[in-house]
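Presented below is the structure to which this report refers.
The values are calculated or read from the model by the stated rules, or taken from the named source; none is laboratory data. Keep in mind that this is a model prediction, so the values were computed, not measured. All Cβ positions, even for glycine, are placed from backbone atoms using ideal geometry, and neighbour counts span all protein chains on display. Quick note on the areas: whole protein, heavy atoms, side chains included, nothing else; ligands and nucleic acids left out. Shrake-Rupley method; radii C 1.70, N 1.55, O 1.52, S 1.80 Å.
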Amino acid sequence: MSTESPRRAGRPRTAILNRDRITEHALSLVSQDGYDALTMQQLARSLGVSPSALYNHVDSKHDLLQWIQELVMAQVDTSAFGKLDIHDALIQWATSYRNVFALHIPLIPIIAVLPVANSPRTIAMYEHVAETLKTHGLAESEVIPTIVALESFIFGSAMDTGAPHDIFDTSNHREATPHFTQAVSAQRATGVNTSDDSFERGLRALVTGLLASRDLT
């Protein structure tokens, strides 16, 4: 009777690399530790491969950022455009946009200035918004400033979700700031999430104002 161990079938297990897996790991690194944590060496380590193996699939860190942009932007809901009236569609889109980036706050400074030329999903999102604004009657020269105004508010609001609970604490300056201190106390007494409430109030006012500007030109 043979005492030899049975030979294992198949090839040795190796890490499988593809765009989706690489992008998910890269997104995880950036979301947890920020842009500086995303290096090809660190990404290769997280994937369990050598940097040279990684470079067989992606050419540069810039390409990685484009892939991340595509992955994240695909999560933004644009389904309301063409279904709801423009005010409600913009509200739903902006809310989804803010909520997506609230989960990836370290990405905001990167994505906010990343060119969209190689990000078809991002461009498709902008096309939905641009078409809706033009249909509403905004002049073509007003479309981009309107989108940028909304995005600036969206990104800022997403970052605000990570603010500490006591950001407006005035413990050491109550006598000098009686009105502000009382306002902070009154808001806390409501039990309403400050970040969500501020976003909803600001978004409604911003959308209403931007759409009304069409009638002033």
**Asked** List pairs: first in the stretch 72-87 and within 19 Å of L210 (Cα to Cα), second open to solvent by 80 Å² or more (accessible area, probe 1.4 Å) and among the polar types (S, T, N, Q), Cβ under 9 Å, 6+ apart or cross-chain?
**Response** I86/T135
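Select, from I154, I147, the only residue that is open to solvent by less than 20 Å² (accessible area, probe 1.4 Å), in contact (Cβ under 8 Å) with a residue 40 or more places away in the chain, touching a Leu at 6+ places or on another chain (Cβ under 9 Å) and under 17 Å from A94 (Cβ atoms).
Details: I147 fails: in contact (Cβ under 8 Å) with a residue 40 or more places away in the chain.
Result of the check over I154, I147: I154.
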**Request:** For V58, state whether it is touching a helix residue (DSSP H, G or I) at 6+ places or on another chain (Cβ under 7 Å), without any contact (Cβ under 8 Å) to a residue 40 or more places away in the chain and on the phi < 0 side of the Ramachandran plot.
**Result:** yes
**Asked** Among the residues of the stretch 179-196, is there at least one that is assigned to a helix (DSSP H, G or I), within 27 Å of H128 (Cβ to Cβ) and open to solvent by less than 40 Å² (accessible area, probe 1.4 Å)?
**Response** yes
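Among the residues of the stretch 50-99, which ones are among the basic types (K, R) and crowded, with 18+ Cβ neighbours inside 10 Å?
R98
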